Amino acid sequence: MDIGIGLPNAIQDVDRDSLLEFAKRADAKGFSSLGTIDRVVYPNFEPLTALAAAAAVTQRIRLSTTVLLGPLRPNAAELAKQILTIDNLSGGRFWLGIGLGARADDYEVSAIPMKGRGKALDRLLETVKRLWDGHQVGPRPVNGPPEIMVGGQVDAAFDRAAKYGDGWIMGGGTPEVFADMARKVDQAWERAGRSDKPRKASLAYYSLGPDAEAHAERNLGHYYDFLGEYAAQIVSGAAKSPEMVRSYIEGFEQAGCDELVLFPASKHPEQVDLLADAVGK
């Protein structure tokens, strides 16, 4: 199983220097991907813009949206071109994770209705793939069309992944939940008559070092406060010791995960080094 790391683009006090140094260290330490989280009504860095910056200071690591809120980007042609631009700037290292999002305020401020967002994402993906295949917008992809991983944990999301994607990504949860979802992804692939094997990925959170608990409470708790009491479960579930990190890795690998992207609860680049030590990189 590949081990990726999340950029701190959604940490509430993220800044330019921390983000770029984080990306450089992640590249040097051998992590598989740099992931990004997407919100609109939050003081985070926009994912595609953050990844374009990361592309300029990295050489090897893959760059990914894990996940991008697709329906909030209704101009499919512009999105297709943005992705191909990052693909070229990074030398073909970009892969697209994309999903729906569940926050009403993100949709409200974007003047986009939440109702029907599943169908909107279907139309978006269909158009993006068509434009890529026809080379109608943007530069040509470096190594063929970028990989697409579709997020979501309902049957419609699994079917969407099988119709438009190369695989599926889980936005958070336990290895046990992942194993159950992974079986449903395989079933969707069978329903779609696909002969290839879906790539499967997931997110998890970590916070290491002497201030691990404080960082998790301050940043994860703040980011997920809209979930009410469930936010505390996310904070408590973050891996706060090397042993817990390794336990998560073992659990997800046994559950059939191909890539686990571990997101930090702090913007400090030292979190890259602490995670690398924990996983033996």
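For the chain, the longest principal axis of the C-alpha atoms and the axis of helix 242-254 are separated by about 30°. Nearest 0.05, what FRET efficiency do Ser247 and Arg140 give at R0 = 51 Å with Cβ-Cβ as r? So, using R0 = 51 Å, E works out to roughly 0.75.
The simple spin-label model puts a point 7 Å past each Cα toward its Cβ; for His222 and Val177 those points are separated by 2.4 nm. Relative intensity of the chain on a log10 scale, I(q)/I(0) at q = 0.08, 0.14 Å⁻¹, equals -0.30, -1.00, per a Debye sum over C-alpha point scatterers of equal strength in the absence of solvent.
Sorting 150-158, 259-267, 16-24 by average packing, meaning the other beta carbons within 10 Å per residue, from highest down gives 259-267, 150-158, 16-24.
For Ala239, the residues whose amide H sits under 5 Å from its own are Tyr205, Tyr206, Ser207, ignoring neighbours fewer than 5 places away on the same chain, with H placed 1.01 Å from N. On the basis of the beta-carbon distance and an R0 of 25 Å, Gln254 and Val41 show a calculated FRET efficiency of 0.10. Relative to the longest principal axis of the Cα atoms of the chain, helix 117-134 runs at roughly 70 degrees.
Report the percentage of all Cα-Cα pairs in the stretch 116-234 whose separation exceeds 20 Å, rounded to a whole percent. Summing the P(r) tail past 20 Å for the stretch 116-234 gives 57 percent.
Test of understanding: in a Gaussian network model of the chain with alpha carbons linked when under 10 Å, which of Pro113, Pro47, Pro71 would top the mean-square fluctuation ranking? For the chain, modelled as a Gaussian network with Cα springs under 10 Å, the answer is Pro113. The C-alpha atoms of the stretch 65-136 occupy a region whose extents along the principal axes are 36, 21, 16 Å, arranged from largest to smallest. For the chain, the longest principal axis of the alpha carbon atoms and the long axis of helix 76-89 meet at an angle near 60°.
Here, each number is a calculation from the coordinates, and none is a lab measurement. Quantities reported herein were computed from a predicted structural model and do not represent experimental measurements. Ideal geometry is used to build each Cβ from the backbone, glycine not excepted, and the neighbour counts take in all protein chains shown.
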